[in-house]
1. Would you please name the residue that is surrounded by the most Cβ atoms within 10 Å (Cβ to Cβ), looking only at residues in the stretch 277-290 that are more than 12 Å from the chain's Cα centre (by Cα) and not hydrophobic (A, V, I, L, M, F, W, C)?
2. So which of 122, 106 ends up being over 21 Å from the mean Cα position of the chain (by Cα), open to solvent by less than 70 Å² (accessible area, probe 1.4 Å) and modelled with pLDDT of 95 or more?
3. Between residues in the stretch 187-210 that are in contact (Cβ under 8 Å) with a residue 24 or more places away in the chain and residues that are acidic (Asp, Glu) and open to solvent by less than 70 Å² (accessible area, probe 1.4 Å), which pairs lie under 8 Å by C-beta distance while being six or more apart or on different chains?
4. It is to be established whether one or more residues within the stretch 244-265 are in contact with a Ser or Thr (Cβ under 8 Å, 6 or more places away or on another chain), more than 23 Å from residue 65 (Cβ to Cβ) and surrounded by fewer than 16 Cβ atoms within 10 Å (Cβ to Cβ).
5. Scan the stretch 208-224 and tell me whether some residue there is at negative phi, assigned to a loop (DSSP other than H, G, I, E, B) and crowded, with 20+ Cβ neighbours inside 10 Å.
6. Looking at residue 246, is it in contact (Cβ under 8 Å) with a residue 24 or more places away in the chain and among the acidic types (Asp, Glu)?
7. I'd like the residue in the stretch 66-90 that is of a type in the set (A, V, I, L, M) and open to solvent by 40 Å² or more (accessible area, probe 1.4 Å) and, out of all such residues, is farthest from residue 137 (Cα to Cα).
8. Of all residues in the stretch 55-64, count the ones that are surrounded by fewer than 18 Cβ atoms within 10 Å (Cβ to Cβ), on the phi < 0 side of the Ramachandran plot and touching a strand residue (DSSP E or B) at 6+ places or on another chain (Cβ under 6 Å).
Amino acid sequence: MRKLLLPLVLALAACTGSQEPPLPALVAAGGGGEVRFYRASELQAGRATLVATWTTPDLQDLAYSNASQRLFLLFPDRLEAYPTAGFTESAAPQAPPTAAPLPTGVDCTGGYLRLGANRALVHCPSANRAFLFTLPDPTNLEEADLTGLPPGVRLALFPQGGVDLLAYLTEGALGFRPANNPTGTPFQEVSLQSLTPTELRLDPGGRLLGAGYTATDTLFLAWNGAGNPASQSLGLFPGPIRLALDPVQGLVAYGTGFRVLSPRDSGARNPYTAYTAAAVGQDGYLYLARGSFLEVYDLQPNPLPTFPQGSAPLGFTPSSLAFLPVQ
């Protein structure tokens, strides 16, 4: 009997906690005009082992595509794509990028980047303009038609039938439509209770995930494009809410405090702590920027641990994080 139980115990142990051995990876932290790369396994142990620093003046946002092995950096006047095939736990060489300029006169300061299946979306709220680039390298710029969408809208890409549609979250509506044809099909829109929208992302499982706040609450929305969206109170301090997710490992809402929504609900945590950036890694860890510190939580234990298993000083305050598996 003991011989039969041993393989089962070992199998169960392999399914709990984070991956053993650890998945080789870097965490890219962007902010203050630079991108710093840290070894993920060291962050988990509470040590910020700096692997490389790229000087990136006026960096606005960054995102990583595992499918194309590209790190995308957004600047006020352009989008850059860097190949990461040569990255290791000890090196993040800055190879010449593919650069895609934004149209002359467009200032994307305060803009953000979202990656879809076939395109990248760049939204420049201050200019009230948005652009789509083909992937894996950003080429063939197309401007999205934002007619009828109010200031403060949050945008994402929503794939349907092999086409990346423009999804939007406003104060009172959630919907999608062709990026360059506001009256075209497919089109769907649902009304919402009034909220200030602060985030819209695509769950690769096929849902649109939104977040926002009212005067008294913070809300999370999930919608598959049909019927009414599911709505959930997050119980966090009212204010801007952002989302971090990995399609397999988990989903987290964060702002003033944070809440793990998947793989299981943690409830509201650290309600008086401001978090500026987050990433859910393919290794099953949550990386949370708290000012100049990076906290790391293992998402597998149930319940989620009260305290982070690692908290490392970075020496700067990142505004965006990305998890990069490496060789």
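The values are calculated or read from the model by the stated rules, or taken from the named source; none is laboratory data. Predicted, not measured: the structure shown is a model, and the values here were computed from it. Note that each Cβ is placed from the backbone with ideal geometry, even for glycine, and that neighbours are counted across all protein chains shown. Remember, those area values only see protein heavy atoms, side chains included, never the ligands or the DNA or RNA. Shrake-Rupley method; radii C 1.70, N 1.55, O 1.52, S 1.80 Å.
1. Checking each candidate, the answer is 285.
2. Sole residue among the options that is over 21 Å from the mean Cα position of the chain (by Cα), open to solvent by less than 70 Å² (accessible area, probe 1.4 Å) and modelled with pLDDT of 95 or more: 106.
3. As it stands, the answer is 209/199; 209/203; 210/199, since those pairs meet every condition given.
4. The answer is no, given that none of the residues of the stretch 244-265 is in contact with a Ser or Thr (Cβ under 8 Å, 6 or more places away or on another chain), more than 23 Å from residue 65 (Cβ to Cβ) and surrounded by fewer than 16 Cβ atoms within 10 Å (Cβ to Cβ).
5. no
6. yes
7. Filtering the stretch 66-90 for residues that are of a type in the set (A, V, I, L, M) and open to solvent by 40 Å² or more (accessible area, probe 1.4 Å), the one farthest from residue 137 (Cα to Cα) comes out as 85.
8. Of the residues in that region, 1 qualify.
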